[in-house]
Each structure stands twice: as structure tokens, then as C-alpha cells.
Amino acid sequence: MNRRGFTLIELMVSIALTTIVVLFLYRALSNQERANGVLARKGLQLEERRKVYELLFRDLMEASSVKVVPLGNRNFTILQLKTTNSLHQVPKPYVAYFVHERNATLVRLESARPIGFPVPLGEIKYIFADPLVNGVEKFIIVERGAQGGRRMERELLPGEKALPQPPKGKGGRGREYLIYLKWKGEEFLIDMKKRLAGEGGRKVSGAQGNRKGGAKGSGKKGG
């Protein structure tokens, strides 16, 4: 029986084809791993945004008192609340949100005692601090439509609609709070109408949220 082996040229062609196939498969696997990494990071960002949105929304919705403290930096505001929403089993806690200078981190403080700024050293041991997101570019809280119909001229926040002019002699009922947060190219706007203690009626007269890129509101990603 005549047996014919591979020639050197045939062997080299076979090796070359095998190398091309291996390189193609390696590149395909590398692209798949990269795509999986992007999807995983996007999923984490969406989860992070959802948690921050829902935490701010619930704290404000369940608040019996709200104080907005503007700062010299117009991109940041301090939000102080007396609410029933607690992350640390504190009954009716005092809560404050502010942007820490380290990594521009949005921090939530919670305590059974009123929280003042700057926080006294003796009070730190009574406060729970929860960093939420870093790289914050804007954290702005606006109170509009307060009783008496008082208005202030200012630039509208992204996604905010201008209030219609109320009839003469009739102010808005309750208060409307806008919370705008922007970080790392992501953003959302919370728009909530409330009645606080002492304003009559139920505490919450209505609430609506507009979240960009989140599970609620539009799916548009911030710029």
C-alpha cells in the first residue's frame, strides 16, 4: 500500500490556517469579555442610580420638616430633613445630605439628634454616615411654590418646567421641592409636592419623579 506523507508546504499552510483560526477565536472571546464588562458596569451604575433616587425620594416623601441650605458654591446645596425613613433603625431620625470635598462624594447623615453644619466633634459619634456616589458635579435643591406664592427669578434646572403664573391673590398650596443630582455623566431630577406639618391636610399632597437613565422616568442618559 502506497502511503504518502505531508509535504513541508502543506504542513506550513496547515499551521498558518490553524494560527489564523486561533487568533480569530481569541479576538472574539476578548471582545465578548469586554462587552460583558461594559454591561456589568452599566448594570452597577443603574443599580447605584436607582438606590440613590429611591433613598432621596423616600426621605423627602416621609419628611415632616425640610430645610434647604444654599452654599457659596451654587452647584451644591445642603438638605436637612426630619423624616421617618431610617437606614439604621433610628426612630424618626434627622437626616442631612451634603457633598463632601473628598472625591466630591454625596454623603447621607442620619442621627437621633439634630444635625448642624459644621458637625461638632462631640456629635460625630452619634451620627451614621453613608457615602452614596462620588464625582458629583451638581447637587441642587430648590423649593418653589411656597405658601403665599412667593417666586424667585433663577435659571431652570435641566428637566424642570416653568410654573404657570397663579391667579392674583392666590398662592400655591403646600410646597414643591426639586432635587437635581448630576455625577459622572448621569443625572436625575426629583419633583415632589408636599404639605409639611402645620400646613394643614395630609403631609404629602402629590409626588412625581423624573429620572433620566433610571428605571422610572425617561430612559435618556445625562450628558
* If you scan region 60-100, which residues turn out to be part of a loop (DSSP other than H, G, I, E, B) and touching a helix residue (DSSP H, G or I) at 6+ places or on another chain (Cβ under 7 Å)? -> 83, 85
* To do: Filter region 167-192 down to residues that are outside any strand (DSSP E or B) and more than 20 Å from residue 136 (Cβ to Cβ) and give me whichever is modelled with the highest pLDDT.
  => 174
* Here are some conditions: (1) crowded, with 17+ Cβ neighbours inside 10 Å; (2) hydrophobic (A, V, I, L, M, F, W, C); (3) in contact with a Pro (Cβ under 8 Å, 6 or more places away or on another chain). Residue 112 meets all but one. Which one does it not meet? -> (1)
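The values are calculated or read from the model by the stated rules, or taken from the named source; none is laboratory data. All figures in this text were calculated on a predicted structure; none of them were measured in a lab. Using ideal geometry, Cβ is built from the backbone for each residue, glycine included, and neighbour counts are taken over all protein chains shown.
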